[in-house]
Amino acid sequence: MTTGAELLGRYAETMVPVFGTPQIVLASGHGCWVTDVDGKRYLDLLSGIAVNALGHGHPALVQAVIKQAEAAIHISNFFTSEPAVRLAERLLGLAAAPAGSGVFFANSGAEANEAAIKLSRRTGRSRIVALEGSFHGRTTGALALTHKAAYREPFEPLIPDVHFVPPGDAAALRAAVDDRTAAVFIEPIQGEAGVREVPADYLRLARELTHEHGALLVVDEIQTGIGRTGDWFAHTAAGVQPDAMTLAKGLGGGVPIGALVTYGADTTHLLTAGQHGTTFGGNPLACAAALAVLDTIERDHLLDNVARVGALLDDVQLAGVAATRGRGLLRAIELSGIPAPSVMDAAREAGFIVNAVTPTALRLAPPLIITEDELGGFLTALPAILESARSAP
Ligand SMILES: *Cc1c(COP(=O)(O)O)cnc(C)c1O
């Protein structure tokens, strides 16, 4: 048996070091639990950053992947397949998108946003308004809309004419959106910024201003979509219909897939034949996996589970916890006086995978199938975890 320590050494010898040193080497997972190569078990409260919506090894997803792999894994976009067509129909239905709406399949979140950026360019305008704290991905287009200077600045110059405004500041948004604006990009909850919810009023204002100025409203639901917040898509709680929505993370339950949804015929037809493309995007394997995820969320009433289990995190009254944020099963625990990385390490030691999303906050994004007992087990263990983090060197 190769140990975790040995594999981490070999990792360091072979990988481009962009991820630093991984915490552990995982071997397998079952439900909400994962096991590392040394045999230690952990409750997975991160699900691969809001990806493993059905947890690990879910029979519906595994069977769908096996069955589709036996039929056809990849066919190229010279051809199409029944899973691709069915998934597009399914997403448009869940999005309550009007007639003439469309879907473009990609392989990741950043690629879905690239497609949205290109869509926005077809308005004949180039100005994009994005929010401070935003995360839209690492490719050079999506990166231009990503606010964090440490991610963005080493790679400048990026695409020009991107303007950042502070989320929630109505006056700044009014000043930023004008007749030169191609699109406003908004995450309904900023996951990477520490699970920070954008006020519903602000989302509605963005809708009004983009309507008024003929710009597109693009909601990035890559982290918040596919049931994560207890709704299929987080923006619907604000009662707005965007012009475009991007999806990825939870959509394939771990099989890479991204999607751009365009609302209405005018927006859908901004991109014409030959103007965009992808080799892998929309392949039948990924689409069959996504259909299995959507079917299972529906059949097993997982949106109700997300709301019910997520409510355990509405209010966590503990020494060392300052506040909680977020909705459904996308949550942050803001700490007071204990660094989040120390708590993450102590939690892992105690058998729980969480993420130090900021220096002062933990992010929880467990599988949508998690039970009250499983999440409750973490909350029971949390005081001791905080205590051991507090006394860590
Ligand atoms: C993760 C994420 C992305 C980027 O997705 P990748 O699949 O890593 O390219 C974009 N936007 C949001 C809101 C995300 O959470």
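So what J values fall out for the stretch 211-227 if you push phi through Karplus, 6.51 cos²θ - 1.76 cosθ + 1.60 with θ = phi - 60°, rounded to Hz, Gly and Pro as x?
Whole-Hz 3J(HN,Hα) from phi for the stretch 211-227: 4, 4, 9, x, 9, 8, 9, 10, 9, 8, 10, 4, 9, 8, x, 6, x.
If you line up the long axis of helix 59-71 against the longest principal axis of the chain, both from Cα atoms, how many degrees apart are they, to the nearest 10?
Long axis of 59-71 versus the principal axis of the chain: about 60 degrees.
Sort 236-247, 221-232 for me by packing, meaning the mean count of neighbouring Cβ atoms within 10 Å per residue, highest on top. Before the final figure, lay out each step's value.
Working: 236-247: 22.2, 221-232: 26.6.
Answer by packing, highest mean first, reads 221-232, 236-247.
What share of Cα pairs, in percent, lie more than 28 angstrom apart in the chain?
Numbers: 36366 of 77028 pairs.
Tail of P(r) above 28 Å: 47 percent of Cα pairs.
Which of rounded, prolate or oblate describes the stretch 19-158 when judged by the alpha-carbon gyration tensor and an a/c cut-off of 1.5?
Values: a/c = 2.24, a/b = 1.18, b/c = 1.90.
Oblate is the answer for the stretch 19-158, as a/c is 1.5 or above yet b/c matches or exceeds a/b.
Springs between alpha-carbon atoms under 10 Å, Gaussian network over the chain: tell me which of Ala381, Ala340, Ala215 tops the mean-square fluctuations.
Answer for the Gaussian network model of the chain: Ala381.
Excluding same-chain residues fewer than 8 positions from Lys40, which lysines have a Cα within less than 30 Å of its Cα?
By straight Cα distance, Lys40 reaches Lys249.
Of the listed peptides 9-17, 78-86, 97-105, what is their order by residue-averaged count of other C-beta atoms within 10 Å, with the highest listed first?
Details: 9-17: 9.8, 78-86: 14.8, 97-105: 18.6.
Going from most to least packed, we get 97-105, 78-86, 9-17.
Can you put Cys32, Cys287 in order of Cβ neighbours within 10 angstrom, beginning with the fewest?
Details: Cys32 22, Cys287 29.
With the sparsest Cβ surroundings first, the list reads Cys32, Cys287.
Cα to Cα, under 15 Å, and not fewer than 8 places away if on the same chain: which aspartates and glutamates meet these conditions relative to Lys67?
Excluding near neighbours in sequence, the set is Glu82.
By how many degrees, between 0 and 90 and to the nearest 10, does the Cα long axis of helix 372-390 differ from the longest principal axis of the chain?
Taking the Cα atoms of the chain, the angle to 372-390 is about 70 degrees.
How large is the helix-only mean residue ellipticity at 222 nm for the chain, computed as the sum of -39500 (n - 2.57) over DSSP H runs with n ≥ 4, divided by its residue count, in deg cm²/dmol to the nearest 500?
The helix-only estimate for the chain comes to -10500 deg cm²/dmol at 222 nm.
When DSSP assigns beta bridges and you keep just the ones with both residues in the chain, what percent turn out antiparallel, to the nearest 5?
Values: 32 of 49 bridges.
The antiparallel proportion sits near 65 percent.
Excluding Ile333 itself, calculate the net charge of residues whose Cβ lies under 9 Å from the Cβ of Ile333, where each Lys or Arg counts +1 and each Asp or Glu counts -1. Each step should come with its number before you reach the end.
On the way: positive: Arg325, Arg331, Arg363; negative: Glu334.
With Lys, Arg at +1 and Asp, Glu at -1, the net is +2.
Going by the alpha-carbon gyration tensor, a ≥ b ≥ c the square roots of its eigenvalues, is the stretch 84-299 rounded (a/c under 1.5) or, if a/c is not under 1.5, prolate (a/b greater than b/c) versus oblate?
Details: a/c = 1.41, a/b = 1.36, b/c = 1.03.
Taking the square roots of the gyration eigenvalues as a ≥ b ≥ c, the stretch 84-299 is rounded.
Quick one: Karplus J couplings for the stretch 336-343, per residue in order, coefficients 6.51, -1.76, 1.60, θ = phi - 60°, nearest Hz, x for Gly and Pro?
Here the 3J(HN,Hα) series is 10, x, 10, x, 4, x, 5, 5 Hz.
Here, each number is a calculation from the coordinates, and none is a lab measurement. What you are looking at is a predicted structure, and each value in this text was computed from that prediction instead of being measured. Reconstructed Cβ throughout: ideal geometry from the backbone, glycine too, with neighbour counts over all protein chains shown.
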